[in-house]
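**Q** Before I ask anything, here is the structure I am working with.
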Amino acid sequence: MSFSSDIKQELNKASKLANKELVKYELIGYLASGNVDIVNNKNIRFATESDYNINRFSKLLTNLNINHNIDISRKMVYYNYKD
């Protein structure tokens, strides 16, 4: 597990999501990361390999009463071997 994943998990343990200001700031942190693309005014693409981050991102949105759906897609990697 990466250092940032460890920190996020520790923050999650300490945070009960009761303070809406802190929840907003944590969501802003996710949105400001290099893992987010704004597709249009209703779609955000959040790229991560961590199930924890997917769940946390969803919890933050839910806690702020932001209606959302999550579609998970995995990138397939194909290798072409040359003889």
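**Q** I need a count of the residues in region 15-32 that are on the phi < 0 side of the Ramachandran plot and touching a helix residue (DSSP H, G or I) at 6+ places or on another chain (Cβ under 7 Å). Even if it seems obvious, please write down each step before you answer.
**A** Taking region 15-32 as the starting set, the residues that turn out to be on the phi < 0 side of the Ramachandran plot are 15-16, 18-32.
When the remaining residues are screened for being touching a helix residue (DSSP H, G or I) at 6+ places or on another chain (Cβ under 7 Å), the result is 15, 23, 26-27, 30.
Residues flagged as on the phi < 0 side of the Ramachandran plot and touching a helix residue (DSSP H, G or I) at 6+ places or on another chain (Cβ under 7 Å) within region 15-32 amount to 5.
**Q** Let me ask another. Would you pick out the residues in region 49-74 that are open to solvent by 40 Å² or more (accessible area, probe 1.4 Å), free of Cβ contacts under 8 Å to residues at least 24 places away in the same chain and of a type outside the set (Asp, Glu)?
**A** Asn55, Thr62, Asn65, Ile66, Asn67, His68, Asn69, Ile70, Ile72, Ser73, Arg74
**Q** How many of the residues in region 31-46 are open to solvent by 80 Å² or more (accessible area, probe 1.4 Å) and under 14 Å from Ile70 (Cβ atoms)?
**A** Residues that pass the stated criteria total 3.
**Q** Something else: Restricting to helices (runs of 4 or more DSSP H) lying wholly in the chain: which have 3 or more residues that are modelled with pLDDT of 80 or more? Spell out the reasoning first.
**A** Numbers: elements: 3-14, 20-32, 51-63.
Filter on the chain gives 20-32, 51-63.
The values are calculated or read from the model by the stated rules, or taken from the named source; none is laboratory data. Since this is a predicted model, take the numbers as computed values, not measurements. Because the Cβ atoms are built from the backbone with ideal geometry, glycine has one as well, and the counts that use them run over all protein chains shown. The accessibility values were calculated without ligands, DNA or RNA, using every heavy atom of the protein model including side chains. Shrake-Rupley method; radii C 1.70, N 1.55, O 1.52, S 1.80 Å.
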